[in-house]
Amino acid sequence: MKGKRTDIAPWTPLWKIFLLLCTVQLRLAGAFWLFDVLFPPSITPKAALSNDSSPVVLGIDCWIDNIRVVYNKTTRMASNAPGVDIRVPGFGKTYSVEYLDKSKLAGYFHTLVQNLVNNGYVRDETVRAAPYDWRIAPNGQKDYFDKLKLLIEEMELKYEKPVFLIGHSLGNLYLLYFLHHQPPEWKKKYIKGFISLGAPWGGALKPLLVLMSGDNHGIPMVSNIKIREEQRMTTTNPWMLPTNLGWPESHVFISTPKYNYTYKDYKKFFHDIDFEDGWYMWEDTKVLLEGLPSPGVDTYCIYGTGHPTAETYVYGDGFPNEPPIDVVYSDGDDTVHKRSMELCKRWKKQQNEKVQVIELHGMHHLSMVFSNRTLNVINDILLGTDL
């Protein structure tokens, strides 16, 4: 491992700032999702954007699978494994978020970026990207947020217009953390609006599965337990546990023959799965967005509904080293529960700035970044059209 360098993909801006961030526990759901990844569509809706439109910054995690970090219980911080230097190439360039690989075989935000280009935006100029290290929670990424702030200020100076931030999934929490730490005067000058896609505002259940018995995302011949070793070495998985804002504290997230675990049982949960560091990680990160503070900018909260989404995992005697034997479902986008995503509604009473909530029934968590339904909504927002 000595001297090993791993490059991870960066952010890119648009004709406002668009931040796309995706959770590392995405469920690879269905052949249509896989088809869109392998053959990302480039035909997108026309919106006839004008030079009056604002620039965009895209935020997205780096999609490096299970890069290990080392957690120090004394400093309460995470760092790269010894001898490993993680770098994010192409910060501000769209190529890093459009595809998951350099050969451009697997698409991610290509369709969304191409939609903007089809409507008058220019890659790496009015559309930019700002990828972040998804392994480490926001409290360990000061340099990243400094770079993001500088990028936004540079775009506003160059185009003389405030910037849109667009996030997907986990990236929305990084954006909210960023906005929460900026003064109102700065946000008023530099931020035109915040567009969130599929945001887990109140956490998600998938990290519980990942930390308990691992998740191989359906990949054959890959052991869940082996992957679990790496999936436990991030501070974002504990950070993403369900909060008591989205669920009653009495709600059972994990049911086993010996115990039913609720929000109040997280300490026992980490003890019983033999992952003590996870408890310290959760203790350190649960306060980062405590109470879910409002962003203080015009906000457009977009999410999918109408898909069975896990709300309780049922385990047998093999807990926690075997997969669940049953799952209880309710409404969501098949990855994030509606209870969590709709928490943005509370901001309508907490800030003077606009808060608009758009539910897209039948929309999957990841498919929304490829869908013309989503792209049409984004186009309307950028044009200032009433939704």
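Measuring spread by the Cα atoms of the range 234-293 yields a radius of gyration and Dmax of 11.6, 38 Å.
Placing pseudo-labels 7 Å out from each Cα toward the beta carbon at Q351 and T385 gives an inter-label distance of 2.4 nm. Taking loop as defined by DSSP and a crowding limit of 10 other beta carbons within 10 Å, which GluC sites (Glu not before Pro) in the range 290-363 fit? Passing both the DSSP loop test and the Cβ count: E290. Projected label points at K142 and K46, each 7 Å from Cα along the beta carbon direction, are separated by 5.1 nanometres. Using the alpha carbons alone, the radius of gyration of the range 114-153 stands to its Kirkwood radius in an Rg to Rh ratio of 1.11.
Pairs with C-alpha atoms separated by more than 18 Å, drawn from the list K189/K354; K93/K192; K149/K192; K142/K189; K206/K338; K161/K187, are K93/K192; K142/K189. Each of the peptides 372-379, 251-258 was scored by the mean count of other Cβ atoms within 10 Å over its residues; in descending order, highest first, they stand as 372-379, 251-258. Full extension of the chain segment joining Y280 with K149 gains 44.2 nm, where the gain is 0.36 nm per residue of separation less the Cα-Cα distance. Under the shape rule built on the C-alpha gyration tensor, where the axes satisfy a ≥ b ≥ c, the range 324-370 is oblate, since a/c reaches at least 1.5 while a/b does not exceed b/c.
Over the range 246-387, what relative contact order in percent results from Cα pairs under 8 Å that are six or more residues apart? Could you put the intermediate results ahead of the total?
Values: 193 pairs, mean separation 33.9, N = 142.
RCO, the range 246-387: 24 percent.
Paramagnetic label reach from H181 (point 7 Å along Cα→Cβ; backbone nitrogen cut-off under 18 Å): within the range 285-309, residues 285-297.
When a/c is below 1.5 the answer is rounded, else prolate if a/b is larger than b/c, else oblate, so apply that to the range 262-387 with a ≥ b ≥ c taken from the square roots of the Cα gyration tensor eigenvalues. Oblate shape, in that a/c is at least 1.5 and b/c is the bigger or equal ratio. Relative to the compact-globule estimate of 2.2 N^0.38 Å, the Cα radius of gyration of the range 276-333 comes out at 1.65.
Count neighbours as other Cβ atoms within 10 Å of each site's Cβ, and list the GluC sites (Glu not before Pro) in the range 248-289 that are DSSP loop with at most 12 such neighbours. Present the calculation step by step, with values, prior to reporting the outcome.
Working: sites: E249, E276, E283; in loops: E249.
Taking the range 248-289 and a limit of 12 other Cβ atoms within 10 Å, the loop GluC sites (Glu not before Pro) found are E249.
Computed from the coordinates by the stated procedures, all read-outs in this text should not be read as laboratory data. It should be emphasised that the depicted structure is a prediction, and the values quoted were computed from it without experimental measurement. Heads up, the Cβs are rebuilt from the backbone with ideal geometry, glycines too, and the neighbour counts pull from every protein chain shown.
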